[in-house]
Each structure stands twice: as structure tokens, then as C-alpha cells.
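One structure below.
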Number of protein chains: 2
Amino acid sequence: MENNAPPKPTETELEILQILWQHGPSTVRFVNEAQNKTKETGYTTTLKLLQIMFEKNLVLRDEESRSHVYRAAVTEEETQQRLLDRFLDTTFRGSAMKLVMQALGNHRTTPAELDQIRHLLKKLENDSSNADL
Amino acid sequence: MENNAPPKPTETELEILQILWQHGPSTVRFVNEAQNKTKETGYTTTLKLLQIMFEKNLVLRDEESRSHVYRAAVTEEETQQRLLDRFLDTTFRGSAMKLVMQALGNHRTTPAELDQIRHLLKKLENDSSNADL
DNA sequence: ACTTGTCTACGAAGTTAGTCGTAGAACGAG
DNA sequence: CTCGTTCTACGACTAACTTCGTAGACAAGT
């Protein structure tokens with residue numbers, strides 16, 4: 001019954017993953033309290049969510065002590081990439097360009113960040129003249 | 001009972017909006033056939049969805065002829081922007097930078113497109129030295 | 001040992017999205 | 001006029017997500 005392959009996390013599951021990514025392995029209580037800073041949530045609600053996420057292989061848990069310690073089973077980057085791909089398809093019909101333009105156009109970006117992007121652009125330009133990796 | 005303010009479209013609603021944006025005002029049948037090119041969908045399913053979207057003010061409809069003609073009540077850009085904002089928050093914790101980097105890094109972008117982004121960057125840089133709009 | 005508090009496990013209820021069946025109106029042949 | 005087709009409207013069913021209540025295990029303090 002143990003199936004691998006972590007699926008797309010739901011909205012709330014993602015919030016929990018964010019907490020785990022930010023703070024590392026945590027108990028249910030910790031996660032719950034972190035959640036409550038944003039949105040009132042019952043303890044058992046958080047518990048249940050984590051249990052479900054465990055079933056889905058979205059998180060792992062250490063059952064040594066009485067309070068289990070949960071940690072993300074997927075990395076933040078992996079997940080972001082996966083969600084981004086999907087989002088790109090559904091919302092921007094696959095045009096990374098349009099997405100980037102809108103993201104840059106409508107959100108305050110510091111000059112330093114713009115510079116960072118400029119570097120990436122240069123790097124991409126160079127790579128594109130080479131063989132595809 | 002008529003409340004304005006179009007809400008966040010769901011996954012399937014978005015697919016329908018895409019069709020309307022691409023092809024302009026359409027009948028239920030047309031939308032349904034477009035959907036079927038991707039995914040087998042019953043006629044009444046499409047109908048119901050459009051009716052619901054009508055209630056939600058996501059689409060408008062012309063009831064002149066027997067087959068109603070639906071059209072998007074929101075523009076593609078508006079909607080993309082709104083979904084992007086949300087996505088940015090939930091998935092990238094608000095960092096437009098990280099999103100852009102990942103989008104550019106992992107999707108084939110043509111040199112022409114890179115150039116277009118470069119122009120935008122220059123424009124942003126100039127604007128940032130002015131007063132904030 | 002008893003009480004109090006914290007933990008896991010489990011099940012049930014509420015919500016929303018998506019699916020479709022069926023009924024009845026409208027239309028167009030023949 | 002009557003039959004078959006196409007349409008809208010409506011209601012019901014399923015599945016997934018989220019929420020929480022309750023029960024029982026476990027530990028700690030008095």
C-alpha cells in the first residue's frame with residue numbers, strides 16, 4: 001500500500017510545507033502555532049492534514065518521541081518548479097515570456113534584483129549558442 | 001441577488017475562459033467541442049459550467065437566439081495578473097525574483113524573447129529613478 | 001493512585017468542484 | 001401536425017478538501 005511519487009499539494013498543504021521549509025522539522029504543535037499567526041486553525045485540523053500529507057508522501061515523520069516530528073519530503077525548489085510548470089500551462093498557455101513580463105512589470109523589484117536577472121539573461125544567451133545540455 | 005465582483009476562476013473555469021479569450025463569443029456547443037479536443041466532456045457539463053460562471057459574473061451571455069452566446073466578462077490580462085499575484089504569494093512567498101529566475105531558467109526562451117525582457121529591464125530601471133507612479 | 005494536560009488516531013460532517021441524467025421548450029423537416 | 005434534434009434548466013451524485021469532535025494512550029505532578 002506504500003506508493004511513492006508525491007502528488008501536487010493542495011493550497012493548505014502548501015502552506016504547511018512552507019512552514020516546514022522555513023523552520024525545518026517540526027512538531028504538530030509548532031506547525032499549528034505557526035499557522036495560527038495567519039489563520040485560526042484547530043490543533044486536530046493541523047494534525048489531520050499532516051497525517052494525510054504523510055500518507056501522500058509529502059512529508060516524512062520521526063516517531064521516536066511521543067510528539068512526532070514532521071519534515072518535508074520534497075524540496076522547495078522541486079515543488080515550486082512543478083507548480084510553476086502547471087501554472088504556466090493553465091494560466092499563461094505555456095508562455096514563460098508573458099508570465100515574466102507581467103511578474104516584472106507589476107511587482108516592485110529592486111535594482112539589485114534587476115541586475116541579477118540581467119546576469120541570468122547573459123548566461124542564457126551564451127548557453128543557447130552551445131549544444132543543448 | 002445579483003452581486004458583482006468576479007471571483008477567482010477554478011481550474012476548469014479557467015480552461016473555458018481560455019477558449020472564450022481565444023475564439024471570442026461562443027455557443028455552448030462550440031466551447032464544448034473545443035474542450036473535447038483536450039478532454040472528453042459531456043455537453044451538459046459544459047453547459048452547467050457556463051451557467052455557473054454566468055452566475056459568478058465570470059462570463060456574460062446574449063440570450064437573443066435560442067443557443068445563448070457566451071463571452072468572457074473579464075480580460076485575459078486582468079485575470080492572469082490576479083492569479084499571478086496569488087500564485088506568487090502562495091508558492092513563492094511573494095518573491096517575484098525567484099519566480100522569474102525559475103521561469104527563465106527552466107523553459108526554452110528564444111533570443112528574441114530574451115531581448116524583449118532586456119528592454120523591459122531597461123525601462124524598469126529608468127522608471128525606478130523617477131517618482132513612484 | 002488520581003487528576004490534568006498533551007498527544008495520536010479515527011471518523012464524521014460541511015464545502016466546493018465537477019460530472020451527468022432527465023425533463024421540457026423550441027425548432028425544422030417531412 | 002408529428003417526429004427527431006438541439007437547446008436550456010435543474011437536480012442529484014461523486015470525489016476531494018477541510019474542519020473538528022471524541023476517544024484512548026501516555027506522561028507528569030501532587
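The other copies place their B:ARG93 label points at 3.5 nm from this one, listed shortest first, where each point is 7 Å from Cα along Cα→Cβ. Largest GNM mean-square fluctuation among A:VAL59, A:VAL69, A:VAL100, using chain A with Cα springs under 10 Å: A:VAL100.
Once A and B are treated as a pair rather than alone, how much accessible area drops out, both sides summed, in Å² to 100, probe 1.4 Å? Spell out each step's value before the answer.
Working: alone 10400 and 10410 Å², together 16390 Å².
Chain pair A/B: roughly 4400 Å² of buried accessible area.
Of A:HIS23, A:HIS107, A:HIS119, the residue with the greatest mean-square motion in the GNM of chain A, using alpha carbon springs below 10 Å, is A:HIS119.
Scanning chain B for GluC sites (Glu not before Pro) lying in DSSP loops with no more than 16 further Cβ atoms inside 10 Å, the longest uninterrupted stretch between such sites is B:65-133. Here is the list for region A:1-68: trypsin sites (Lys or Arg not before Pro) lying in DSSP coil, each with at most 12 other C-beta atoms within 10 angstrom of its C-beta, are A:LYS39, A:ARG66.
Our summary gives chain B a relative contact order of 21 percent, counting only alpha carbon pairs under 8 angstrom and 6 or more residues apart. Averaged over the residues of A:74-84, the number of partner chain Cβ atoms lying within 10 Å of the residue Cβ comes to 3. Comparing A:GLY105, A:PHE92, A:TYR43 along the charge dipole axis of chain A, the residue lying farthest to the positive side is A:GLY105, per the Cβ-charge model. With chain B treated as a Gaussian network of Cα nodes joined by springs under 10 Å, which of B:ALA112, B:ALA73, B:ALA96 yields the largest mean-square fluctuation? Its mean-square fluctuation being the largest, the pick is B:ALA112.
Atom-type composition of the exposed protein surface of region A:1-91 places 49 percent of the accessible area on carbon and sulfur (1.4 angstrom probe).
Between this copy and the others, label points of A:GLN51 are 3.9 nm apart in ascending order, each placed 7 angstrom from Cα in the Cβ direction. With both labels modelled 7 Å from their Cα along Cα-to-Cβ, the A:LYS39 to A:ASP115 distance reads 3.8 nm.
The values are calculated or read from the model by the stated rules, or taken from the named source; none is laboratory data. Not measured: the values here are computed from a predicted model. Note that we place each Cβ from the backbone using ideal geometry, even for glycine, and neighbour counts take in every protein chain shown. Side chains included, ligands, DNA and RNA excluded: accessible areas come from the protein's heavy atoms. Shrake-Rupley method; radii C 1.70, N 1.55, O 1.52, S 1.80 Å.
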